[in-house]
Amino acid sequence: MTNTGPRHAGASSRAFAGGIRRVRQAFSIRATQRLLQGDKSDVPYAELARRLGISEGAFKVAVHRLRHRHQEMLHARSAQTVSSPSEVEDELCGIWWS
């Protein structure tokens, strides 16, 4: 069973922030954005992993988890700006394609 209570959400947000902080320390802001958006990096994952001092496999898992959490956070933030839950996807599409 997944714990979706406030304590879990706070811990997840802190873990996400810590992960982003480590990536931003090793890479440029643009490179971090590209990783989160799923764009191909100009630098191979093996090299990016080496810069962080982790294996390529661990790096891929970390990027996957960061992308997933980033998506959750975007949905949550977007839900706060629209009047109904059905508008969230339209809002996100407007952000990505503008």
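Readers should treat all values here as calculations from the given coordinates under stated rules, not as data from a laboratory. Here the structure is a predicted model, which is why all the values come from computation and not from measurement. Heads up, the Cβs are rebuilt from the backbone with ideal geometry, glycines too, and the neighbour counts pull from every protein chain shown.
Could you rank the peptides 52-62, 82-92 by their average count of other C-beta atoms within 10 Å per residue, with the highest value first? Mind dumping the intermediate values first?
Working: 52-62: 13.7, 82-92: 12.0.
Per-residue Cβ counts within 10 Å, averaged per peptide and sorted highest first, yield 52-62, 82-92.
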Sort 38-46, 67-75 by packing, meaning the average of other beta carbons within 10 Å per residue, with the highest value first. 67-75, 38-46
